[in-house]
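To start, the structure itself, in structure tokens.
The values are calculated or read from the model by the stated rules, or taken from the named source; none is laboratory data. Model, not experiment: these values are computed from the prediction. Here the Cβ positions follow ideal geometry from the backbone for every residue, glycine too, while neighbour counts run over all protein chains shown.
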Amino acid sequence: MASLTRKLRRENKTLGFVPTMGALHEGHLSLISQARQMSDVVIVSIFVNPAQFNEQTDYDKYPRNLTADAALLSEYQIDYIFAPDASEIYGEKFSTYVYVENLTETLEGASRPGHFRGVATVVMILFNTIRPDFAFFGQKDAQQVAVIKRLTQDLGFETEIITSPIVREESGLAMSSRNALLSEQERQKASIIYKALREAKILVKNGERKSVAIAEKVRQVIQSEPLAQIDYIAVVDNETLAPVEKIGENAVLIAVAVRIGKVRLIDNIVFNRKQ
Ligand code: AMP
């Protein structure tokens, strides 16, 4: 991959890179079509990164289907799939990790210790190998976007980070590879998460400014569904991820993590005072 991308750069091709963990769905495909529009060459990586899983069972259970993914991608105009083995990414004596301070201790970082260390490390390895002009990340993982933007800026990468909106199922449930692990009934019930976020948005539209009240509304709606177990509900600044007490001028992120049965799902919504 490194020698291939070196050659492409010599030919003055712009490289668009979409990192994924496979089990591809329309959320991934929206990133890919954006990559296609912006770049001469589109590279999609499929790599279930062991370093970002803090629970072995979660890693073992994570859906994997490279054949189906490759078949799906053959219908899209991508140029390369990069699907390395874990041993190619993490050599036998691997011992260098990337740690992004401040942005990684809360939310997903608090619930999944070591998660962002794994994400930041693999993204650096992939960026170093590919050296893309553009890399595409979904707003679905809002904290990940903040971390990757910080990381690329801090370490002087020239890669431009492009973010795509959350793609949802008709029910409002954010598309996720983990949705495949839900039963039909759980999948229906999981739509309560987006309903709660929409209710929060309506509350703000009607003049509510206090984060506590907004978070409480989200909590009430989600708790109306007995199958749902809230991990966290956070109202934070969209860029710094610092808690916000009152909605002001800056964009605010409401991020939630909820277990539906055994499956942990995340979702979020961004708004500012005018919305
Ligand atoms: P994953 O394979 O889950 O690691 O996701 C790969 C990329 O796809 C990440 O940048 C995700 O944020 C993005 N992504 C996953 N689900 C969605 C979605 N429903 N809408 C938009 N982007 C998504």
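Couple of notes before you dig in:
- Any chance ALA213 is under 20 Å from ASP141 (Cβ atoms) and at pLDDT 95 or above: no
- If the condition is being within 16 Å of the ligand (Cβ to nearest atom) and of a type in the set (A, V, I, L, M), then the stretch 1-31 contributes VAL18, MET21, ALA23, LEU24, LEU29, LEU31.
- Only one entry of GLU108, GLU160 meets the criterion of being touching a residue at least 12 places away in the same chain (Cβ under 8 Å), surrounded by fewer than 19 Cβ atoms within 10 Å (Cβ to Cβ) and among the charged types (D, E, K, R), and that entry is GLU160.
- Looking at TYR62, TYR76, just one residue is surrounded by 15 or more Cβ atoms within 10 Å (Cβ to Cβ), closer than 15 Å to SER177 by Cα, of a type outside the set (D, E, K, R) and at pLDDT below 95, and that residue is TYR62.
- Residue within the stretch 190-211 that is within 10 Å of the ligand (Cβ to nearest atom) and of a type outside the set (A, V, I, L, M, F, W, C) present: no
- Residue check, SER33 over 18 Å from LEU126 (Cα atoms), of a type in the set (Gly, Ala, Ser) and modelled with pLDDT of 95 or more: yes
- VAL235 fulfils the conditions (1) at positive phi; (2) in a strand (DSSP E or B) except for a single criterion, (1).
- Matching entry among THR67, THR20 (being in contact with a His (Cβ under 7 Å, 6 or more places away or on another chain) and either exposed (fewer than 14 other Cβ atoms within 10 Å of the Cβ) or closer than 17 Å to SER177 by Cβ (or both)): THR20
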